[in-house]
Amino acid sequence: MCGIVGYIGQKRARPILLEGLKRLEYRGYDSAGIALLHNRRINITRSAGRISSLETKLTDQGLDATVGIAHTRWATHGIPSEINAHPHKSTNGQIALVHNGIIENYRTLRTFLEQQGITCNTETDTEVLVQLIGHFYSNNIEQAVRDALHEVQGTYGIAVISAEEPDRIVAARKGSPLIIGIGDGEYVVASDASAIIERTTQVAYLADGEMAVITLDGFRTMTLDAVPVTKEVQEVEFSLDQIELAGHKHFMAKEIFEQPQSLANTLSGRLDTRDGTIHLGGVVNYARDLARAKRIIFTAQGTAWHAGLVGEYLFEDIAKLPTELEYASEFRYRNPLIDDGTVIIAISQSGETADTLAAVREAKVKGALALGIINMVGSTIARESDAGIYLHCGPEIGVASTKAFTSQVAVLTMLAIQLGRRRFLSQAQAHSLIAELSEIPDKVKQILEQSDDIQSAVEQYIDRENWLFLGRGYNYPIALEGALKLKEISYIHAEGMPAAEMKHGPIALINDGMPVVFIATKGNQYEKVIGNIEEVRSRGGKVLAVATQADNTIKDVAEHVFYIPDVPEPLQPLLTVIPLQLLAYHAAVLRGCNVDKPRNLAKSVTVE
Ligand code: G6P
């Protein structure tokens, strides 16, 4: 949800900022801009569309600048256009700002500015902030930013430069992430580490309500009330080659095919096949509280919410713990009843999703233990939860989440087994699940080999605008995830639901040739699913099934079958989702869609 990057150093800022923007483009990609500060002048170039459009507009102005800020936008207020693109500047052009977040009281602030004779020229909420800084400015940009932020309600990660103080960048955050990369005689400030790691792996994370003043000589951090704060410098975990395409056409393809490895990384060092137990270092001090919890609440958004739904099945089935799942956006506002025995587990790839973060904060206010299942090390949710488990699946760049989902489910499976062991799961039962779990990465590899078959099947339905995805039990969350994958990257309308629910309305949609995907693996509801398949077939629907290897019956009732190796039911979600990720990927490519940057979406939703 918008990416910001700033540079101050000895080198030309422009190529460094553009490179940083490209790395951040997955956060937002409807318009972009850059401000370069040279000879006490700020030169701004902005463009609607992708970073490549911005590049074509650049002239030699500001080329030698060694200080600058840049932005890639995901529009909230105002259409994606050149005028609404960041950086925004003060009326006299002396101050420029990039912003990620939402200024909630921008209307009030705009009226205030108008009363002072300052007119805003854009439709954005952001412009009021830079105008306000300009209004307060009196030879001290740090103080002006502080004064302006005291008037602001909402969320922000900002970087600000002033033509009159060309030796510094002022940065601040509240609700939107901001990191300072510490290089050799240079600093990069950015929304996330992907824009930094080309230059340095040493970073300092700003916390909410903190500011930084960055100069060539170093950086100072302080609260918004100017109380100095000391920052620990940390090493970023991932490397550049992890965020490059490595021969794949799209990040989504790379991330789908990477799953044998990313899953192996998630499981690594955590499975104890000898004692039939699981080691999850991050929550070791809370295992007792978890096992004795009266109620577990998973909270998340998007694909992570679907992982949470698998988690709900796993926790009740394996750990025998009462478990609920809630959209974080609902949880945070509905004044939930939380008592001592409730544990909240937030699931988030980025660790920055605004609603999920707010749910964690609300849970903590109410006294609950709040844990996180997070991918991005050092992210806000990771730091604010009481404890947590990292996915270790590497950075995920494709906007449609794939490898993070399977790693989330793997972590949930491990946690369910660990808690199960403290409750009713015997050593033998756990042992067999853990042994099977350790073989999952290889089994994923076998499924990926069907990619070409899946592509040929999808090709036959590529002009269809409506798809259904159906499953029961553990396959129901996967039906939801399959439908989400298809709609988000190929813009085909798709619905996922429990197979039995089809009869309560959606069956009316089924007409001749409508593709219906069934996740119909062997398990205790298999026969019932076959019954549902017959219902679809008799109305002309075309069935594509995900089934268990060596299931010959299914071939007679489905047009296309994609097989998964036989595993116990609780482990099936780790496999059944793979053909559906491939199905969505091929559909999007065949329809000529931008797979990694689908329209209207952003990887990290840092606004509510
Ligand atoms: C966005 C992404 C989804 C993701 C969701 C939650 O909508 O496009 O892929 O599942 O946010 O993100 P999180 O980082 O919290 O897992």
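Got at least one residue in region 342-359 being more than 16 Å from the chain's Cα centre (by Cα) and charged (D, E, K, R)?
Looking for residues that are more than 16 Å from the chain's Cα centre (by Cα) and charged (D, E, K, R), one finds none in region 342-359, hence no.
Checking the condition away from the ligand (no atom under 11 Å from the Cβ), within 25 Å of LEU575 (Cα to Cα) and in a helix (DSSP H, G or I), which residue from ASP317, ASP289 passes?
The conditions single out ASP317.
Scan region 29-48 for residues that are touching a residue at least 24 places away in the same chain (Cβ under 8 Å) and under 23 Å from GLY78 (Cβ atoms) and jot them down.
TYR29, ASP30, SER31, ALA32, GLY33, ILE34, ALA35, ILE42, ILE44, ARG46, SER47, ALA48
Which residues, counting only those in region 137-148, are part of a helix (DSSP H, G or I) and either among the aromatic types (Phe, Trp, Tyr) or surrounded by 19 or more Cβ atoms within 10 Å (Cβ to Cβ) (or both)?
Across region 137-148, the qualifying residues are ILE141, GLU142, ALA144, VAL145, ARG146, ALA148.
Suppose we filter region 291-347 for residues that are loosely packed, with under 15 Cβ neighbours inside 10 Å and under 17 Å from VAL605 (Cα atoms); how many remain?
1
Taking the condition of being in a helix (DSSP H, G or I), under 22 Å from the mean Cα position of the chain (by Cα) and closer than 15 Å to THR200 by Cα, how many residues in region 1-25 meet it?
3
Go through region 74-90 and count every residue that is open to solvent by 10 Å² or more (accessible area, probe 1.4 Å), on the phi < 0 side of the Ramachandran plot and either modelled with pLDDT under 95 or touching an Asp or Glu at 6+ places or on another chain (Cβ under 7 Å) (or both). Spell out the reasoning first.
As a first pass, look at region 74-90 and keep what is open to solvent by 10 Å² or more (accessible area, probe 1.4 Å): 74-83, 89.
Next, only the ones that are on the phi < 0 side of the Ramachandran plot stay: 74-77, 79-83, 89.
Applying the additional criterion that residues be either modelled with pLDDT under 95 or touching an Asp or Glu at 6+ places or on another chain (Cβ under 7 Å) (or both) yields 74-77, 79-83.
The total comes to 9.
Report yes if ILE296 is assigned to a helix (DSSP H, G or I), away from the ligand (no atom under 16 Å from the Cβ) and modelled with pLDDT of 95 or more, otherwise no.
no
Show the residue pairs that are 6+ apart or on different chains and have beta-carbon atoms under 8 Å apart, the first residue being within region 596-608 and of a type outside the set (Ser, Thr, Tyr), the second being open to solvent by 50 Å² or more (accessible area, probe 1.4 Å) and within 11 Å of the ligand (Cβ to nearest atom).
Pairs that qualify, where the first residue is of a type outside the set (Ser, Thr, Tyr) and the partner is open to solvent by 50 Å² or more (accessible area, probe 1.4 Å) and within 11 Å of the ligand (Cβ to nearest atom), are ALA602/TRP74; VAL605/GLN301.
Taking only region 263-289 into account, find how many residues are buried (at least 16 other Cβ atoms within 10 Å of the Cβ), out of contact with any Gly (no Cβ under 6 Å at 6 or more places or on another chain), closer than 25 Å to GLU439 by Cα and not basic (Lys, Arg). Even if it seems obvious, please write down each step before you answer.
Taking region 263-289 and keeping what is buried (at least 16 other Cβ atoms within 10 Å of the Cβ), we get 263-267, 270-271, 276-278, 280, 282-283, 286-287, 289.
Imposing the further condition that a residue be out of contact with any Gly (no Cβ under 6 Å at 6 or more places or on another chain) reduces the set to 263-267, 270-271, 276-278, 280, 283, 286-287, 289.
So of that shortlist, the ones also closer than 25 Å to GLU439 by Cα come out as 263-267, 270-271, 276-278, 280, 283.
From the residues that got through so far, the ones that are not basic (Lys, Arg) too are 263-267, 271, 276-278, 280, 283.
Selection size over region 263-289: 11.
Determine the pairs where a residue that is farther than 16 Å from VAL98 by Cβ, located within region 161-180, has a partner that is surrounded by 22 or more Cβ atoms within 10 Å (Cβ to Cβ) and not hydroxyl-bearing (Ser, Thr, Tyr) with Cβ atoms under 7 Å apart, the partner being 6 or more residues away or on another chain.
GLU165/ILE141; PRO166/LEU37; PRO166/VAL67
Considering only residues that are of a type in the set (Phe, Trp, Tyr) and open to solvent by less than 30 Å² (accessible area, probe 1.4 Å), look in region 481-540 and name the one that is modelled with the lowest pLDDT. Full working, then the answer.
Step one: filter region 481-540 for residues of a type in the set (Phe, Trp, Tyr), giving 491, 518, 526.
Subsequent filtering for residues that are open to solvent by less than 30 Å² (accessible area, probe 1.4 Å) retains 518, 526.
Numbers: PHE518: 97, TYR526: 92.
Filtering first and then ranking leaves TYR526.
Hey, GLY62 hits all of (1) closer than 30 Å to VAL399 by Cβ; (2) among the small types (Gly, Ala, Ser); (3) outside any strand (DSSP E or B) but one; which does it fall short on?
(1)
Please work out which residue is surrounded by the fewest Cβ atoms within 10 Å (Cβ to Cβ), limiting yourself to region 580-608 and to residues that are in a loop (DSSP other than H, G, I, E, B) and polar (S, T, N, Q). Walk me through how you get there before you give the answer.
First, the residues of region 580-608 that are in a loop (DSSP other than H, G, I, E, B): 591-608.
Next cut, polar (S, T, N, Q) only: 594, 600, 604, 606.
Values: ASN594: 13, ASN600: 9, SER604: 27, THR606: 26.
It comes out as ASN600.
Of all residues in region 320-338, count the ones that are more than 16 Å from the ligand (Cβ to nearest atom) and among the polar types (S, T, N, Q).
Residues meeting the conditions: 2.
Do you know which of the residues in region 222-273 that are touching a residue at least 40 places away in the same chain (Cβ under 8 Å) and assigned to a strand (DSSP E or B) is farthest from TYR26 (Cα to Cα)?
Out of the qualifying residues, it is ASP272.
Out of region 30-43, which residues are surrounded by fewer than 21 Cβ atoms within 10 Å (Cβ to Cβ) and under 18 Å from VAL98 (Cα atoms)?
First, the residues of region 30-43 that are surrounded by fewer than 21 Cβ atoms within 10 Å (Cβ to Cβ): 38-41.
Once the filter is applied, which keeps residues that are surrounded by fewer than 21 Cβ atoms within 10 Å (Cβ to Cβ) and under 18 Å from VAL98 (Cα atoms), region 30-43 yields HIS38, ARG41.
Inspect all residues belonging to region 448-467 and state whether any of them is in a helix (DSSP H, G or I), open to solvent by 30 Å² or more (accessible area, probe 1.4 Å) and not charged (D, E, K, R).
The answer is yes, given that some residue of region 448-467 is in a helix (DSSP H, G or I), open to solvent by 30 Å² or more (accessible area, probe 1.4 Å) and not charged (D, E, K, R).
Of the residues ARG422, ARG472, which is away from the ligand (no atom under 16 Å from the Cβ), closer than 30 Å to ARG274 by Cα, out of contact with any Cys (no Cβ under 6 Å at 6 or more places or on another chain) and open to solvent by 10 Å² or more (accessible area, probe 1.4 Å)?
ARG422
Being open to solvent by less than 10 Å² (accessible area, probe 1.4 Å), β-branched (Val, Ile, Thr), modelled with pLDDT of 95 or more and part of a helix (DSSP H, G or I): is that true of VAL577 here?
Details: open to solvent by less than 10 Å² (accessible area, probe 1.4 Å): yes; β-branched (Val, Ile, Thr): yes; modelled with pLDDT of 95 or more: yes; part of a helix (DSSP H, G or I): yes.
Yes: the conditions hold for VAL577.
Only one of (1) in contact with a helix residue (DSSP H, G or I) (Cβ under 8 Å, 6 or more places away or on another chain); (2) part of a strand (DSSP E or B); (3) of a type in the set (Val, Ile, Thr) fails for ILE42. Which number is that?
Looking at each condition in turn, ILE42 falls short on (1).
Enumerate the pairs (first residue in region 118-129 and in contact (Cβ under 8 Å) with a residue 24 or more places away in the chain and under 18 Å from GLU82 (Cβ atoms); second residue anywhere and open to solvent by less than 10 Å² (accessible area, probe 1.4 Å) and outside any loop (DSSP other than H, G, I, E, B)) with beta-carbon separation below 6 Å, excluding pairs fewer than 6 apart on the same chain, so at least 6 apart or on different chains.
Once the first residue is in contact (Cβ under 8 Å) with a residue 24 or more places away in the chain and under 18 Å from GLU82 (Cβ atoms) and sits in region 118-129, its partners that are open to solvent by less than 10 Å² (accessible area, probe 1.4 Å) and outside any loop (DSSP other than H, G, I, E, B) give ASP125/ILE103; THR126/HIS88; THR126/HIS99; GLU127/HIS88.
Taking ASP566, is it surrounded by fewer than 24 Cβ atoms within 10 Å (Cβ to Cβ), among the charged types (D, E, K, R), touching a residue at least 12 places away in the same chain (Cβ under 8 Å) and within 16 Å of the ligand (Cβ to nearest atom)?
No.
Could you tell me which numbered condition ALA212 fails, if it satisfies all but one of (1) assigned to a strand (DSSP E or B); (2) under 27 Å from THR402 (Cβ atoms)?
For ALA212, the failing item is (2).
Inside region 15-39, can you point out the residues that are among the charged types (D, E, K, R) and in contact with a strand residue (DSSP E or B) (Cβ under 6 Å, 6 or more places away or on another chain)?
Selection gives GLU25, ARG27, ASP30.
Listed residues ALA193, ALA171; which is open to solvent by less than 10 Å² (accessible area, probe 1.4 Å) and modelled with pLDDT under 95?
One residue alone meets the criteria, ALA193.
The values are calculated or read from the model by the stated rules, or taken from the named source; none is laboratory data. Everything numeric in this text was worked out from a predicted model, so none of it was measured. Heads up, the Cβs are rebuilt from the backbone with ideal geometry, glycines too, and the neighbour counts pull from every protein chain shown. To get the accessible areas, we keep the full protein, side chains included, count just its heavy atoms, and leave off ligands, DNA and RNA. Shrake-Rupley method; radii C 1.70, N 1.55, O 1.52, S 1.80 Å.
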